Amino acid sequence: MFLKNFFSSYKFILLSVVVFFLVFETIVVVGAYYSRESDLNDYLHTETIDSQIHTRIALLQMNRIAKILFDAYVNRPEVRKIMYAANHTKDKQKLAILREKLYLLLEPEYEYFKKNGVRQLHFHLPKAVSFLRFHKPKKFGDSLWNIRESIKYVNKHLTQISCYEEGRIFNGFRNVFPLFYKNQFLGTVEISYSFLTLQKELLAVDSSSYMFLVSKKVATKKLFKAELSHYEESQFKNFFYDKGTLQNVMELSLDKIFAINKEIAPKVQQRLAKGEIFSIYFSDKNIYYGERILISFIPVKNIDDQTVAYIIHYKFDKFLDLLLHKTNMLFAILTLLMLLISLMVMLYLIYYKKKQEFIEAQATHDALTKIYNRYGLNNILKQKMQEYQRYQKEFSIIFFDIDFFKKVNDTYGHDVGDYVLESLADIVSSEIRSSDAFGRWGGEEFIIILPETSLKQAMNVAEKLRKTVEKEMFGSAKKITCSFGVTTVRDTDNITTLLKRVDEYLYKAKENGRNSVVSDKTA
Ligand code: GH3
Ligand code: MG
Ligand code: MG
């Protein structure tokens, strides 16, 4: 009973709507979270590609300068003649003269290109035997065969190559070109750049910050021990910093970059070890007041396609906050929408319940007198009967009927008859208790169900009603009277026997001359 009432109550409607809202709000929260994550990933991906394109353009630019140096100044008949001669003599003196000639011939160009970022212009004979280093002309004759994969490659394939490579002294982006004289391979020319040059190039494009990491494993394998001083320990376990590039003035100060790297190193260690390309974002209230900094890690690969170095690009972020703001806005709008929908659903359910209640009231009430109809009375009788059988809750009923009502209709018309019925219902309603149930059984017969009422009390009520009706004026019908039957429920009763008994009392009251009360006591 309690549950049945609860499920049809307004509390239940409210609870269902709250649950509905919470379920959908949870979906919205989870959805917003994943959408935010996916937006973030997309944004970081775009930024990664952006940084990669930056570095590629800078490298392309440098390689083009190397190619210009080679095509316009190195690959000239005079140079090729000297190298041809060097290929065809073993005489050290003759070789020294040739070397001197080559040096004097290209020294102005070397000096000019050095100012534009070229670090090394290095001639080798076939099999990678060093012939002339412009940055160290006194050192020659050594073989680079087992050190420079790039030179080995050009000796084998006789085509130009551009790549990053660790050397014995310096790392660098190397361009190695083959030299020919009348289809004869004369050796190779290496024109290379340092990270520092790349960094300057990149900083000319955008004023952010770039750092360079070099794999410790590769550096310690290739470099002369003494040359390790070109490197500095970094916050990243398996990488050195390229020392030369630490001096450049960048947007972020070096101590801030070191502080950032210390924080992010544990989080990116694994991805660096795998040689992945990726971006992350960083913010800390002690570093640039918590401004968001985007950090892209661009791997640098060697000739064997292994990641041996990294370019790290740091830039203040402009759009991430906007993006996150957008997600928050979406979340707020969806929440509001859900609230609105919940509210609308709730209003609809309340409206629907009210309508149901109205329909139910129509089914249980009499249209003319607005009191219970026979169906409504029957429901209450059933309920009272159950309560009596279960809890011995006593109740009485009064059954009454207007005397000679047919005459009223016949004399004054049906409308007056209706008016009398309405007025009588109003009068009786105002005379009884609100706990009593009053209804029209049919025609001009009425029933009052009086809960927790003894026969004596019910008889008093009937008598009081009889007198009130008798005194009342009913419009043009003037005076009317009613006859009453009164009974109290018994253990042996069901609804039929109860009604039959009280109907008999009413009949007796009519027989007694009407305008009277007959009860269990007086029957
Ligand atoms: P008695 O004292 O024996 O009860 O006489 P009576 O004329 O009241 O009894 P009877 O049952 O023969 O007549 C009842 C009449 O009530 C018949 C019908 O015309 C009238 N009546 C029943 N329902 C309505 C109604 O809704 N409106 C009106 N105006 N009259 C009704
Ligand atoms: Mg009658
Ligand atoms: Mg009648």
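Short-range pairs are left out: with C-alpha atoms under 8 Å and at least six residues apart, the relative contact order of the chain is 11 percent. Restricting the calculation to Cα atoms, region 1-155 shows an Rg/Rh of 1.64 when the hydrodynamic-style radius is the Kirkwood one. Distance between the C-alpha centres of region 45-112 and region 433-471: 122 Å, rounded to the whole angstrom.
Take Ile341, Ile147, Ile447 and sort them by solvent-accessible surface of the protein heavy atoms, 1.4 Å probe, largest at the top.
On the way: Ile341 65, Ile147 25, Ile447 0 Å².
Final ranking, largest accessible area leading: Ile341, Ile147, Ile447.
Between the listed residues Asn155, Ile295, Val23, the Cα displaced farthest toward the positive end of the dipole of the chain, a dipole computed from Cβ unit charges relative to the Cα centre, is found at Asn155.
With charges only on Cβ, +1 for K and R and -1 for D and E, what is the dipole size of region 367-519 about its Cα centre, in debye, rounded to 20? Provide the component values of the computation, followed by the final result.
Values: 23 positive and 22 negative charges, 50 e Å.
So the dipole magnitude of region 367-519 works out to roughly 240 debye.
Set the Förster radius R0 to 45 Å, insert the Cβ-Cβ distance between Glu263 and Tyr348 as r into 1/(1 + (r/R0)^6), and round the FRET efficiency to 0.05.
On the way: r = 54 Å, r/R0 = 1.19.
Once rounded, the FRET efficiency stands at 0.25.
Electrostatic tally near Leu330: other residues with Cβ closer than 12 Å to its Cβ, Lys and Arg +1, Asp and Glu -1, net +1.
The reciprocal of the average 1/r between distinct C-alpha atoms defines the Kirkwood hydrodynamic radius, which for region 228-312 equals 13.9 Å. Each of Thr411, Gln383, Leu343 was placed along the dipole of region 343-481 (beta-carbon charges, centred on the mean Cα), and the one lying farthest toward the positive end is Leu343.
Here Ile432 sits with roughly 30 square angstrom of accessible surface, probe radius 1.4 Å. Estimated at the nearest 10 Å², the accessible area of Glu444 is 40 Å² with a 1.4 Å probe. Equivalent ellipsoid of region 75-193: semi-axes from √(5λ) of the C-alpha gyration tensor, largest first, are 20, 17, 14 Å. For the chain, the fraction of C-alpha pairs more than 44 angstrom apart is 56%. Evaluated at q = 0.18, 0.21, 0.23, 0.25 Å⁻¹, a Debye calculation over the C-alpha positions of region 308-358 (equal weights, vacuum) places log10 I(q)/I(0) at -0.74, -0.82, -0.87, -0.91. Each peptide among 342-351, 460-469 gets the average number of other Cβ atoms lying within 10 Å of its residues, and from highest to lowest they stand as 460-469, 342-351.
Where the alpha-carbon atoms of region 15-66 are placed on the principal axes, they occupy 76, 7, 6 Å, in descending order. Simple spin-label estimate for Tyr34 and Gln184 gives 7.1 nm between the two label positions (7 Å along the Cα-to-Cβ direction from each Cα). Solvent-accessible area of the chain (1.4 angstrom probe, protein heavy atoms only): carbon and sulfur portion equals 57 percent. The candidates Val249, Val79, arranged from most to least accessible area with a 1.4 Å probe in the full protein assembly, appear as Val249, Val79. In this structure, the residue pairs whose Cα-Cα separation is over 25 Å, taken from Lys114/Lys136; Lys467/Lys508; Lys101/Lys156; Lys94/Lys127, are Lys101/Lys156.
Over all pairs of distinct alpha carbons, what does the Kirkwood formula give as the hydrodynamic radius of region 298-409, in Å? Intermediate results must be reported in sequence, preceding the final value.
Numbers: mean 1/r = 0.0434 Å⁻¹.
Kirkwood hydrodynamic radius for region 298-409: 23.0 Å.
Which distance in nm do the two modelled labels at Val23 and Ala204 give, with both placed 7 Å along the Cα-to-Cβ direction? Inter-label distance under the simple model: 6.5 nm.
Divide, for region 367-519, the radius of gyration over alpha carbons by 2.2 N^0.38 Å, where N is the residue count. Don't skip to the end; give the middle numbers.
Values: Rg = 15.0 Å, N = 153, 2.2 N^0.38 = 14.9 Å.
That ratio works out to 1.01.
A cut-off under 14 angstrom between Cβ atoms defines the neighbours of Thr46, and their net charge, with Lys, Arg +1 and Asp, Glu -1, is -3.
Counting each DSSP H run of 4 or more residues in the chain as -39500 (n - 2.57), what helix-only mean residue ellipticity at 222 nm follows after dividing by all residues, to the nearest 500 deg cm²/dmol?
After summing the helix terms and dividing by the residues of the chain, the value is -18000 deg cm²/dmol.
Across the protein chains, with a 1.4 Å probe defining accessible surface, the residues Leu95, Leu450 rank Leu95, Leu450 from largest area downward. Partner aspartates and glutamates whose Cα lies under 13 Å from the Cα of Lys92, excluding those fewer than 8 positions away in the same chain, are identified as Glu100. Within straight-line reach of Lys256, meaning a Cα separation under 18 Å, sit the following aspartates and glutamates at least 8 residues removed in sequence or on another chain: Glu232, Glu233, Asp242, Asp284, Glu291, Asp317.
Give me the dipole magnitude in Debye, nearest 20, for region 75-193 about the Cα centre, with unit charges on the beta carbon: positive for Lys and Arg, negative for Asp and Glu. Write down the numbers at each step before the final one.
On the way: 22 positive and 11 negative charges, 58 e Å.
The calculated dipole for region 75-193 is roughly 280 debye.
Under 16 Å of direct C-alpha separation, and excluding same-chain neighbours fewer than eight residues apart, Lys216 reaches these lysines: Lys225, Lys237, Lys243, Lys274, Lys301.
The values are calculated or read from the model by the stated rules, or taken from the named source; none is laboratory data. Keep in mind that what you see is a predicted model, and the values were worked out from it rather than measured. Heads up, the Cβs are rebuilt from the backbone with ideal geometry, glycines too, and the neighbour counts pull from every protein chain shown. Remember, those area values only see protein heavy atoms, side chains included, never the ligands or the DNA or RNA. Shrake-Rupley method; radii C 1.70, N 1.55, O 1.52, S 1.80 Å.
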